[in-house]
Amino acid sequence: MAVCSSGSEPSGSIGKGWIVHSLLIGAAVAAAAVAAHGGFFRRLLWRGGYRSRVVGIIPARFASSRFQGKPLVHILGKPMIQRTWERAKMASTLDHVVVATDDETIAKCCRGFGADVVMTSEACKNGTERCNEALEKLGKDYDVVVNIQGDEPLIDPEIIDGIVKSLQESPDAVFSTAVTSLKPDDGTDPNRVKCIVDNNGYAIYFSRGLIPYNKSGKVNPQFPYLLHLGIQSFDAKLLKIYPKLAPYVYR
Amino acid sequence: MAGRLPEPRSRNHSCEVRIIEIPGKAPCSHTWKANDPVVATDDETIAKCCRGFGADVVMTSEACKNGTERCNEALEKLGKDYDVVVNIQGDEPLIDPEIIDGIVKSLQESPDAVFSTAVTSLKPDDGTDPNRVKCIVDNNGYAIYFSRGLIPYNKSGKVNPQFPYLLHLGIQSFDAKFLKIYPKLAPTPLQLEEDLEQLKVLENGYKMKVIKVDHDAHGVDIPEDVEKIEALMRERNIS
């Protein structure tokens with residue numbers, strides 16, 4: 001994954017978020033992706049406009065262990081999924097925005113405010129698999145898929161644009177995402193995912209535990225920890241093989 | 001036992017030592033049983049002790065910030081053309097020579113890596129001990145990260161007795177060309193926060209190979225560890 005370089009300033013258009021590129025969640029996935037696609041990068045570079053066709057997909061399932069029916073909950077009078085969709089539509093790099101759901105009530109609600117909807121299986125294990133199924137059903141040839149989590153109603157469209165551009169600028173990356181400053185109080189909260197990044201903006205690791213750690217074992221109020229945001233873009237060819245990779249031991 | 005490996009990579013050992021009394025002998029003499037190893041020190045007492053049991057010694061500066069810098073300075077002073085430098089921490093008196101061989105071979109087999117090291121199983125009790133460095137490795141045997149905190153973490157926040165956590169061992173081998181530039185690289189944020197040298201390698205985007213070994217003794221970090229190691233050695237009849 002390409003990740004924005006930790007030492008550099010965030011680009012002006014991104015605001016408070018920093019863009020993270022990922023070489024992949026695990027190096028093995030990168031190895032598999034590159035190996036599987038041989039001259040993939042060479043072929044892509046032949047075309048004008050590298051990774052130019054971009055789709056934003058908002059996976060939304062009804063069932064949830066913690067919050068049943070979450071996408072439809074009203075936030076100041078509007079369903080949360082609508083708020084997320086409206087923000088996504090403002091991103092300039094997305095050619096198309098689609099809601100991918102397994103539930104007819106969610107689908108109806110979304111069509112009601114003008115969103116394109118793709119019905120997907122209840123069996124999808126996570127948002128990424130749902131995005132992949134939606135991508136196949138769309139039947140069009142996209143280069144980049146942005147997985148926009150439906151429960152981030154205040155997602156900044158510039159962050160979406162930022163992660164798309166970072167992936168377009170990093171042919172060696174197959175995934176990109178964003179981080180922001182972690183509040184010290186969230187250091188010990190396993191629901192807040194921390195991220196560490198190398199000098200060149202590539203993700204090293206993500207963890208529910210505090211990273212980096214230190215000898216005292218306490219959160220360091222001076223250290224600029226990073227919080228992972230629920231926004232990811234994939235090279236479309238990686239997304240196709242990603243669900244077929246066996247779950248990795250650290251997940 | 002001259003023990004040179006065939007070209008293109010030969011082998012050199014350097015270690016950094018501190019003197020602690022362990023059953024009658026200096027710990028460094030236990031660590032030193034491999035081929036052509038060299039002790040790199042900044043202290044004349046240590047140097048004398050080592051020459052006393054027959055080790056080659058290279059004097060290095062007190063200003064070396066860590067073992068790796070000391071290895072680099074020793075390498076320059078040796079003036080010979082080595083391809084691989086093995087940094088053997090002097091505070092691992094029970095280091096298994098096969099582990100040294102294992103990390104050298106893994107580096108020789110991985111031209112894209114500049115560094116190799118070893119891990120062993122972490123005891124669950126050590127999961128929350130910041131003096132025990134944990135390591136995580138990808139599907140192809142490359143290090144992802146090292147931390148004093150528990151990695152991987154989980155939603156419960158507790159050590160999972162079923163998970164095969166990995167403990168980093170104090171043994172590293174470097175590609176000699178990389179070792180030359182390594183001290184010139186600026187310290188990196190994660191390295192400084194965790195106080196783990198090896199993170200500078202990862203933060204600069206270089207790759208590290210990791211081998212997993214069975215090694216149930218650990219290093220001597222604090223004075224209390226001396227008694228633990230002595231007890232273990234007596235148990236195993238190691239003199």
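Structure values in brief
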read-out	value
Flag for B:Thr60 being free of Cβ contacts under 8 Å to residues at least 40 places away in the same chain and not hydrophobic (A, V, I, L, M, F, W, C)	yes
Extreme residue, nearest to A:Tyr213 (Cα to Cα), among residues of the range B:157-185 that are more than 9 Å from chain A (Cβ to nearest Cβ) and small (Gly, Ala, Ser)	B:Gly170
Residues of the range B:134-151 that turn out to be under 19 Å from A:Val197 (Cβ atoms) and at the interface with chain A (Cβ under 7 Å from one of its Cβ atoms), as a count	9
Qualifying position, being more than 18 Å from B:Arg148 (Cα to Cα), at pLDDT 95 or above, surrounded by fewer than 23 Cβ atoms within 10 Å (Cβ to Cβ) and charged (D, E, K, R), among B:Asp112, B:Asp96	B:Asp112
Residue list for the range B:211-239, filter: closer than 19 Å to A:Tyr213 by Cβ and of a type in the set (A, V, I, L, M, F, W, C)	B:Ile222
Filtered residues of the range B:198-239 (kept if crowded, with 20+ Cβ neighbours inside 10 Å and farther than 20 Å from B:Arg148 by Cα)	B:Ile229
Enumeration of residues in the range A:191-202 that are under 15 Å from the mean Cα position of the chain (by Cα), under 17 Å from B:Glu193 (Cα atoms) and of a type outside the set (D, E, K, R)	A:Cys195
Boolean, B:Asn154 is in contact (Cβ under 8 Å) with a residue 24 or more places away in the chain, farther than 19 Å from B:Ser110 by Cβ and within 11 Å of chain A (Cβ to nearest Cβ)	no
B:Lys184 being touching a strand residue (DSSP E or B) at 6+ places or on another chain (Cβ under 8 Å) and of a type in the set (Lys, Arg)	no
Hits in the range B:130-143 (condition: free of Cβ contacts under 8 Å to residues at least 40 places away in the same chain and under 19 Å from the mean Cα position of the chain (by Cα))	B:Pro130, B:Lys134, B:Ile136
Index of the failed condition, B:Phe53 passing every other in (1) modelled with pLDDT of 90 or more; (2) buried (at least 18 other Cβ atoms within 10 Å of the Cβ); (3) farther than 14 Å from B:Leu179 by Cβ; (4) out of contact with any Pro (no Cβ under 9 Å at 6 or more places or on another chain)	(2)
Some residue of the range A:211-229 being in contact (Cβ under 8 Å) with a residue 60 or more places away in the chain, over 17 Å from B:Glu203 (Cα atoms) and away from chain B (no Cβ under 14 Å)	yes
Count - residues of the range B:186-198 that are more than 8 Å from every other protein chain (Cβ to nearest Cβ) and free of Cβ contacts under 8 Å to residues at least 60 places away in the same chain	4
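Here is a yes/no grid of residues against (1) at pLDDT 55 or above; (2) more than 14 Å from chain B (Cβ to nearest Cβ):
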| position | (1), (2) |
| --- | --- |
| A:Glu9 | no, yes |
| A:Trp18 | yes, no |
| A:Ala30 | no, no |
| A:Trp85 | yes, yes |
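The values are calculated or read from the model by the stated rules, or taken from the named source; none is laboratory data. None of the values given here were measured: they were computed from a predicted structure. Positions of Cβ are backbone-derived with ideal geometry, glycine not excepted, and every protein chain shown enters the neighbour counts.
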